[in-house]
Amino acid sequence: MLGDFFRRRMSVIAATLFLGLGLLWGLTGAEAQTIKIGVINSYSGFVAQAADEMQKGIDLYVKLHEKDLPAGIKVELIKRDDTSSPEVGKRLAQELITRDQVQILTGIILSPVAAAVAPLTAEAKIPLVLTNAAGVSLTRLSPYIVRTSFTLWQECDPIGKWAAEQGWKTAYTEVTDFIAGHDSEGAFIKGFTDGGGKIIDSVRYPMQNPDFVPFVQRVKDAKPDVAFLWVPAQTQATAMMNAVRDLGVREAGIHIVSAQDLLPDEELQKMGDTPLGLITAGNYSTAAQRPANQAFLAAWTKEYGDQSIPDFFSVGGWDGMAAIFDLIKQTKGKFTGDEAMAFLSHWKNPDSPRGPIEIDPNTRDIVQNIYIREVKKVDGKLANVEIATIPMVKDPWKELNPPK
Amino acid sequence: MGGNSLHGVTDAIVSIGFHGLAFAMVLYLISVGLSVTMGLMGFVNLAHGVFAMLGGYVMIRLMNRYGVPFLPALAAAAIAAALASIPLERLLYRRFYGGEELDQVLLTMGLIFMSVAGATFVCGPLTQQMEPPRWLSGQVDLGFRHFPAYRSFLILCGAGLVTALWLGLERTRFGAQIRAAVDNLRMAQSVGINTSRLFMLTFALGSGLAGLGGGLGADLLAISPSYALQYLVYFIIVVAVGGLGSIRGPFFAALLIGIGDTGFKYLLPEFGAFFIYALTMALLLWRPQGLFGRA
């Protein structure tokens, strides 16, 4: 009889039990929250070195600032290797969004990969904090993209203008034949010709080119006042400088300028004395004296040892995580895609290792100081010393090409 | 612009010729082993570049991490590659001699992918950088112009090795045995040549040379996990254009490819990289067996 009583009310009892358990679980669950962040990076492929630098910057920021997050909120980085392929990057972004349920995407070294991922961010309304890919029009591909790194127009237009200001009349440009190279070429030509200079010729070399001697020989033959040589940083920079040294380009009286990619800080020590006196334009140098950079370098050396040198890829990753962490702190970890973009589009960091930076709400692209740097010997080692600052530069390409 | 234009042109030609020659020497060193083993054993060893990569990694690791001087590290690279090839030949390749070529291609392609994963696992995904030893960095002053010392060394090594290989092949018993076996394997077996041992030793020699080439050429063909895949095309082209089973063939093919590639990148940068493929197609259409291959 008692059994009958319970049997008839079994469903009600079961439901109450489950409801009670669920409430208890829900209450405890609300205390701990993990924000999943998808990191798409090119760990293998020809930009693996850049990816490594960027990842180190991201990881260092997370390690140092995890304690600053609101109580109960943790951050989980889900890292995926796009192997430098846009198709793979797109598939990984899809899996991160649908299967791993990430709230934010970040990373991406290569612009073609970013371009492939962009439509997914718009469709899923997931913010993408680009920490490197520098293609000028990337932030226009989706309203959910914000960039914390740089664009090549930001760097190469000023260096073109600066070269013309030196009284150099003729220039020869050589860049790698992909979108970043094309951007740098276009920007330098605009800056240089605006300043009254003339371009003798423009050459593009294939992407994974091992030896630059044939291309640099052409520069030597043409005898321009200045040569603009661009490579996608990493070991290609050293290979390019070796060609410059072997062919005696500087001894022939030809000046060389570039963006910071030609003389990345971690490669500079391997180039001998060839780069002394070379001028580049960039957003970050390890030689900068500002306190935020000194603190950054100290933390980097402590974590990765003194054989490891950060560069502008690292700072892009660092500031990207800073933006994401500020978003989490501001919203207590609860945000929709639109709320996140509203915050990120107005984000500022006055204390980045590279100086003050902010996001332009109109373009969702980075606004930062661009430094003209000269290679000098500091404490017996080569360093990119900042000799001039162009403050708070907006991307010139977007100013010249307003959206239709 | 100003300057003596004839001087400029000859300077350019000398530069391009010199650097092309250095590139050719590296290609030759790596590919000659492949040519001999393909001609001798009839085995399509696409994974040949793996030995070059192994040589490069061993040399760089020894130099950077253990401070081993350049020449001993180079010797170690060659020996390591030669030794590594022996179990591979005995246990794996041997089963496919005289078999279907497609099987051999699939096997060695699989080995390449294994090498990519293995190298990434052991050494990380980054390109390894070689710094030439002090006595080879800088320039060599020949009076009328300077030449980079390391590239000069490469050319000398290549020339020296060609000579040594040719002498070895023509003047030693071992060389005679190889030539016999390449000419007619059954006949060579009939006169008592231990072809099984011959294959193993030749394969080890070819792989050791590849390891040497990989180490020497580490700043031209950068050592990274995808090395065997990335530069496979170069090695295959040198062997195909040169002709299988010959020592001279790959030498002239490497000269053509090395100097041609550098030269055309200089003359027509937009199409420069495409040139060697066009050249290969033209040459193989004219002589399908390669320059020095047997018809």
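Numbers at a glance
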item	result
Pair B:Leu285, B:Phe271: separation of 7 Å Cα→Cβ label points (nm)	1.4
Theoretical ellipticity at 222 nm over chain B - DSSP helices of four or more residues, -39500 (n - 2.57) apiece, nearest 500	-24000 deg cm²/dmol
Residues A:Asp194, A:Asp59 arranged by fewest to most Cβ contacts within 10 Å	A:Asp194, A:Asp59
0 to 90° range, to nearest 10: angle between helix A:48-65 axis and chain A longest Cα axis	50
Cα centroid separation, the stretch A:131-188 to the stretch B:133-166 (Å)	39
Rounded Å value of the spacing that divides the Cα centres of the stretch A:362-382 and the stretch A:303-349	20
Flagged links, alpha-carbon separation over 27 Å, of A:Lys190/A:Lys348; A:Lys161/A:Lys220; A:Lys161/A:Lys398	A:Lys190/A:Lys348
Calculated FRET value between A:Lys74 and B:Gln189, using beta carbons and R₀ = 51 Å, to 0.05	0.15
Charge dipole (chain B, unit charges on Cβ, about Cα centre) - positive-most of B:Leu220, B:Phe292, B:Ala253	B:Phe292
Where chymotrypsin sites (Phe, Trp or Tyr not before Pro) in DSSP loops with at most 12 other Cβ within 10 Å are excluded, longest remaining stretch of chain B	B:1-143
Dipole of the protein assembly as shown, positive direction: furthest Cα of A:Phe192, B:Ser35, A:Ala292, with charges on the beta-carbon	B:Ser35
Other protein chain Cβ atoms within 10 Å, averaged over every residue that makes up A:244-257	2
Total charge dipole magnitude, the stretch A:320-404, about the Cα centre, Cβ charges on Lys, Arg, Asp, Glu only, Debye to nearest 20	180
Between helix A:291-304 and chain A: long-axis angle, C-alpha atoms, 0 to 90°, nearest 10	70
In Hz, Karplus ³J(HN,Hα) per residue of the stretch B:160-169 (6.51, -1.76, 1.60; θ = phi - 60°; x = Gly, Pro)	x, 5, 4, 4, 4, 5, 4, 4, x, 6
Ranked A:Asp311, A:Asp326, A:Asp68, criterion: other C-beta atoms within 10 Å, fewest first	A:Asp68, A:Asp326, A:Asp311
Calculated FRET value between B:His7 and B:Leu136, using beta carbons and R₀ = 30 Å, to 0.05	0.60
Computed label-point distance, nm, for sites A:Gln208 and A:Asp379 using a 7 Å Cα→Cβ extension	3.8
Long-range amide H partners of A:Gly197 with built H, under 5 Å	none
Debye, to nearest 20: dipole size of chain B, +1 on Lys, Arg Cβ, -1 on Asp, Glu Cβ	680
Between 0 and 90°, nearest 10: helix A:152-165 axis offset from chain A longest Cα axis	20
Computed magnitude of the charge dipole of chain A (debye, nearest 20; Cβ of K, R +1, Cβ of D, E -1)	1040
Simple label model, 7 Å out from Cα along Cβ direction - A:Leu17 to B:Met109, nm	5.9
Between the stretch B:77-97 and the stretch A:35-113, the Cα center-to-center distance that results, in Å	40
For A:213-224, mean number of other protein chain Cβ atoms within 10 Å	6
Ranking of A:Asp183, A:Asp338 by count of other Cβ atoms within 10 Å, fewest first	A:Asp338, A:Asp183
Exercise: per-residue mean of other protein chain Cβ atoms within 10 Å, B:122-130	4
Exceeding the 21 Å Cα-Cα cut-off - candidates A:Lys270/A:Lys376; A:Lys90/A:Lys329; A:Lys169/A:Lys394; A:Lys223/B:Lys265	A:Lys90/A:Lys329; A:Lys169/A:Lys394
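A short reminder: the numbers here are calculations on the coordinates, not readings from a lab. Bear in mind that the values here come from a model prediction, so they are computed numbers and not experimental data. No Cβ is skipped: glycine too gets one built from the backbone with ideal geometry, and neighbour counts run over all protein chains shown.
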